1. Taking only protein heavy atoms into account and a 1.4 Å probe, give the accessible area per residue of the chain in Å².
2. For the chain, what proportion of DSSP beta bridges, expressed in % and rounded to the nearest 5, is antiparallel?
3. Just to be sure I follow the rule: in region 1-92, considering lysines 8 or more places apart or on different chains, how many pairs have Cα atoms under 21 Å apart?
4. Determine the calculated [θ] at 222 nm for the chain from helices alone, applying -39500 (n - 2.57) to every DSSP H run no shorter than 4 residues and normalising by the residue count; nearest 500 deg cm²/dmol.
5. Please list the helices of the chain that count as membrane-span-like by this rule: a mean Kyte-Doolittle hydropathy of at least 0.0 together with Cα atoms stretching 20 Å or more along the helix axis, each helix being a complete DSSP H run.
6. Under a GNM of the chain (C-alpha, springs under 10 Å), which listed residue has the highest mean-square fluctuation: 176, 279, 80?
7. Can you tell me how much longer the chain between residue 192 and residue 18 gets when fully stretched, taken as 0.36 nm per residue apart minus their C-alpha distance, in nm with one decimal?
8. Carbon and sulfur together cover what percent of the accessible area of the chain at a 1.4 Å probe radius?
Amino acid sequence: MILLDGKATAEAIKNEIALQVEEIVAKGGRRPHLAAVIVGEDGASKTYVASKERACAKVGFDSSVFSLPTETTEEELLDLISRLNGDESIDGFIVQMPLPKGIDEQKVIAAVDPSKDVDGFHPSNVGRLSLGLPTFVSATPYGIMALLEHYNIETRGKHCVVLGRSNIVGRPIALLLSHKGTPGDCTVTICHSRTKDLAEHTRRADIIIAALGVPEFLKGDMVKEGAVVIDVGITRIPADNEKGYRIVGDVAFDEVAPKCSYITPVPGGVGPMTIISLLRNTMRAYLMSR
Ligand code: GUN
């Protein structure tokens, strides 16, 4: 069993981006600039946005955070998005999800200029992804693809089972893995909360992407020998430590890992790859705007 070390892989990509930024700056260019909008007080969202800011600093990007109170109206948020769309000093921005009740997430996503949509959530970017055209691929699926590529994991002709059909992870990773190319060329099955006999699908899978958000859902007896398992779960479970919680994935790691050829740990697997992929998208937005 080989651990897919997302932390080390992301670190290597981070160093490449940092070098690229230094070259740009040495030639008199300005630094790429990522902005994040966060509405309300969700603890996990605040942690994610803070880690995105730290990652920007590490590669030499400028970053800004726009923190709005929970009571913010949809109109006020759309107003801010319109200003960010028009702000030439900002190359890309994200609106951290989930948004408070009363704000229509789809309306907000559609308001982002697709050329600044580094989350890859805008309908036109999702459409481009489904057609296999160049676009901003949302960060988690992009990170998973980069991890498979980095470890040279054979995907051609393999049966991949994706657990979860979210717009952010399940659907886009299913599309990407079914596309022609490397990684890609998989036969893909999407399983979800209404799937019957789910374990019969996972037991036949060569590659499993677990993105349900249900802690330790995937058990040892649901996985065949030699499978590749990618764990996207990051649920916070109350714990007796300094933080008051620990992070648990969608995979019962201790049972599943001994059967795997490759597996991602949680934390240190998909998480760091997600953040680095957002930085890659920001660099793409910066270069495209030039
Ligand atoms: N909430 C959970 N994941 C994400 C993400 O990748 N982007 C945004 N904007 N919100 C999220």
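The values are calculated or read from the model by the stated rules, or taken from the named source; none is laboratory data. This one's a predicted model, so the numbers in the text were calculated from it and none came from an experiment. Ligands, DNA and RNA are excluded from the accessible area calculation, which covers all protein heavy atoms including side chains. Shrake-Rupley method; radii C 1.70, N 1.55, O 1.52, S 1.80 Å.
1. Details: 13990 Å² over 290 residues.
I get 48 Å² per residue for this part.
2. 10
3. Values: 7/46; 7/52; 7/58; 14/27; 14/52; 14/58; 27/58; 46/58.
Lysine pair count for region 1-92: 8.
4. Values: 10 runs with 116 residues, N = 290.
Calculated at 222 nm, the ellipticity per residue is -12500 deg cm²/dmol.
5. Numbers: long enough: 6-26 (30 Å, 0.23); 43-59 (25 Å, -0.33); 270-288 (27 Å, 0.74).
Span-like helices here: 6-26, 270-288.
6. Ranking 176, 279, 80 by mean-square fluctuation puts 80 first.
7. 58.8 nm
8. Working: 7240 of 13990 Å².
Percent of accessible area from carbon and sulfur atoms in the chain: 52.
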